[in-house]
1. Probe of 1.4 angstrom, ligands and nucleic acids ignored: what's the accessible area per residue over segment 250-343, in square angstrom?
2. Which aspartates and glutamates, if any, have their Cα less than 15 Å from the Cα of Lys22, not counting same-chain residues under 8 positions apart?
3. Using 1/(1 + (r/R0)^6) with R0 = 60 angstrom and r between the beta carbons of Glu171 and Lys324, what's the FRET efficiency to the nearest 0.05?
4. Return, ordered by residue number, the residues of segment 55-81 whose backbone nitrogen is under 12 Å from a label point located 7 Å along Cα→Cβ of Glu271.
5. Would you please classify the overall shape of segment 215-291 from the alpha carbon gyration tensor, given that a ≥ b ≥ c denote the square roots of the eigenvalues, rounded means a/c under 1.5, and beyond that prolate means a/b larger than b/c while oblate covers the rest?
6. At q = 0.06, 0.12, 0.13 Å⁻¹, what log₁₀ I(q)/I(0) does a Debye calculation on the Cα points of the chain give, no solvent, two decimals?
7. How big is the antiparallel share of DSSP beta bridges in the chain, given as a percent to the nearest 5?
8. What number comes out for accessible area per residue over segment 1-129 if the probe is 1.4 Å? Units Å², please.
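The values are calculated or read from the model by the stated rules, or taken from the named source; none is laboratory data. Treat the numbers as computed from the prediction; the structure is a model and nothing was measured. Here the Cβ is made from the backbone with ideal geometry for all residues, glycine too, and neighbour counts use every protein chain on show. Only protein heavy atoms, including side chains, enter the accessible area calculation; ligands, DNA and RNA are left aside. Shrake-Rupley method; radii C 1.70, N 1.55, O 1.52, S 1.80 Å.
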Amino acid sequence: GLMTAFNRPRLVIAGTNSGVGKTTIVVGLLAALRQKGLSVQPFKVGPDYIDPGFHSKAAGRDSYNLDTWMVPEEYLQENFTKLSDGADISIIEGVMGLYDGGANGVSSTADIAKRLKAPIILVLDCKSVGYSIAATALGFREYDKTANIAGVILNKLGSDRHEAMIREVMEKINMPVVGAFHRDDHLKTPERHLGLTPVTEIETSQLIEDIGKAASRYIDMDQILAIANSSPDLDIDDDKNAEENHKIVKIGVARDAAFSFYYPSSLEKLESMGAELIDFSPLEDSSISDVDGLIFGGGFPEMFLEKLQENESMKQSIREAASKGMPIYAECGGLMYLCRQIVDFDGNAFDTAGIIPGVCKMGKNLQRVGYVTATALKDSIAARKGDQLRGHEFHFSMITKDEDYPDAYELQGTRQSTPHLEGYSKDNVLASYLHISFEGNPKAADHFIKSCLSYKKTHL
């Protein structure tokens, strides 16, 4: 095919470990660059739904996940190039520490940065450390010389003297300091049991504006832009013509404050395959729209239990659709809502949609987390028996199953020795804790759309 070189100024903001303040700094950088009149495209490494919500608000452009597990690695450069089209600069937020990922570092921040030939800025937590932080920076630079660490941002500095001391030692190891933040507590992004609050729920504009002002004070923007502009061009195979597709099915997508975890690229894949997506709100609307299939994504249904319980007409319309045979696909929070009941953190039970024979209980501890390969145990609306799907799990709740509860998948984690059973699959309903990207599982996308199409044909 014909190769074209694309100029995409870009930067990866990585941390030495989780909790160094990456998200706050990235959100600040996005807001500050946007305030300068630049068009900024945000990305997040790994299977995270919450950081991208903050990114999108700060940048005014949808933030996309980059990952070589959920989506095959051969799509990475092309997807990145396509999604960053029209942006002056792309900012990619890393996950955990720079070299951390799935087993053997699959889809680590360093791995993604190298595949995208992107320079890396390392965020260093300088709280309670002086000259020794230079040894950390040096170690990160030496550990993998093929990862291009172009500079550092100092975070959580205690004083001007502390900053001067660390700048001096960074100069000794020839490590550019592109930014320095002092400990400033009101600039934290709000925490919640999932790590961060989803954006839909709080008024974040003021917070983002403040973080943006701090970033333009504490970060050398000219240096940031120079480093981003030093990124080499990406060579992309150019002969894939986008064919115009006509819409063959309508799919309702549950989307509101309770259900907000969706990968934009996953939904776009369904659209490119002929689905017209119609958003509806299990919280606010009285019934589902006129559609041929339903998707319930993840989110925080446990935060809105009274409202979800009270919306009787919505639950009724979902039950009617289910009994008519409409394909219903649900992940995580969606699975919880489709159960008979959700029991909150205090032990109070709330009646939910009631099409899955089980009760979902919130737990204080993380039940499961990580990349997984799911093997379908039976034919369903999105898979044939034996099909393998790639995804990830992250949940605090567990389900007590009624008698008749046919399992959907056997899940094998990249770090686990033994597989576990997961999900509910019966007739036209497929629901589990598994989060997938339809982009990385095009066979499942195709299968789901065909299920919706055959429902449509029998219900004309």
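1. Details: 3040 Å² over 94 residues.
Here the residues of segment 250-343 average 32 Å² of exposed surface.
2. Leaving aside aspartates and glutamates fewer than 8 places away in the same chain, those within reach of Lys22 are Asp48, Asp51, Glu93, Asp100, Asp125, Asp184, Asp185, Glu191.
3. 0.30
4. Once the point is set 7 Å along Cα→Cβ of Glu271, 62 turn out to lie under 12 Å by backbone N, inside segment 55-81.
5. Numbers: a/c = 5.53, a/b = 1.53, b/c = 3.61.
Oblate is the answer for segment 215-291, as a/c is 1.5 or above yet b/c matches or exceeds a/b.
6. -0.28, -1.05, -1.20
7. In the chain, approximately 45 percent of DSSP beta bridges are antiparallel ones.
8. Values: 4110 Å² over 129 residues.
For segment 1-129, the per-residue accessible area is 32 Å².
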